[in-house]
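Reading through the structure tokens given below for one structure.
No lab work stands behind these numbers, since they all come straight from the coordinates. Computed from a prediction, not measured in an experiment: that's the story for all the values here. Every residue, glycine as well, gets a Cβ built from its backbone with ideal geometry; the counts of neighbours run over all protein chains shown.
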Amino acid sequence: MPDGERHEPIRGRLVEKAAGARSGWVELKLGAAPLAFCEAHDLGWVLPGTTDYRCFSHAAGRVRRPDISFVRKDRPPGGELPEGFSIVPPDLAVEVVSPRDLASELEEKLDDYRAANIPLAWVIYPDSRSAMVYRSDGSMSRVREDEDLPGEHVIPGFRLPLGAILPTASKGPGGSPPAAPGEAAREG
């Protein structure tokens with residue numbers, strides 16, 4: 001698979017997982033908080049968007065790569081993560097929407113997550129400063145930037161203020177993504 005970390009095989013074709021700098025920065029910040037929490041409480045593994053999941057019985061051979069995922073430590077066989085792809089669905093799948101993402105492809109991913117009975121999915125919309133929370137029971141809720149993303153029963157006790165992971169120009173160096181190489185020299 002050419003450039004395998006930036007493509008997902010979907011229905012026999014490679015679909016580019018395009019992420020801009022802003023959505024990539026949000027992914028990094030978003031992964032750090034549950035990683036620290038889950039390690040401190042020995043709950044399981046928070047995994048990056050390069051992790052392959054082949055756990056979709058409704059679509060043999062389908063591979064999905066959530067931008068971030070979480071797997072409880074009691075779920076993988078033998079209590080260890082596999083070396084290759086995972087046939088165990090994650091307990092949490094996270095998608096960070098970038099401007100180049102297509103709504104139809106996001107809906108297709110969410111359908112796969114529902115079919116695999118993934119208990120919790122977060123879809124983060126950096127541009128609208130909001131998120132959607134989807135649950136395996138079919139319920140969903142919207143989270144605004146001044147509210148918390150809930151870990152619910154998947155990551156008990158975990159709550160993440162959505163605004164803490166969203167970049168804004170007004171926050172300055174600590175709150176916004178770093179400039180691209182060479183940008184600082186042109187600005188000054």
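When Val143, Val96 are arranged by Cβ crowding within 10 Å, least crowded first, meaning fewest neighbours, the order is Val143, Val96.
What is the antiparallel percent of DSSP beta bridges lying wholly in segment 41-148, to the nearest 5? Can you show the working numbers first?
Values: 20 of 26 bridges.
If I count the DSSP bridges inside segment 41-148, around 75 percent turn out antiparallel.
Sorted fewest first by neighbouring Cβ atoms within 10 angstrom, Asp101, Asp111 come out as Asp111, Asp101. Going from the residue with the fewest nearby Cβ atoms within 10 Å to the one with the most, Leu81, Leu106 rank Leu106, Leu81.
Looking at segment 47-116, the trypsin sites (Lys or Arg not before Pro) that sit in a DSSP loop and have at most 11 other Cβ atoms within 10 Å of their own Cβ are Arg100.
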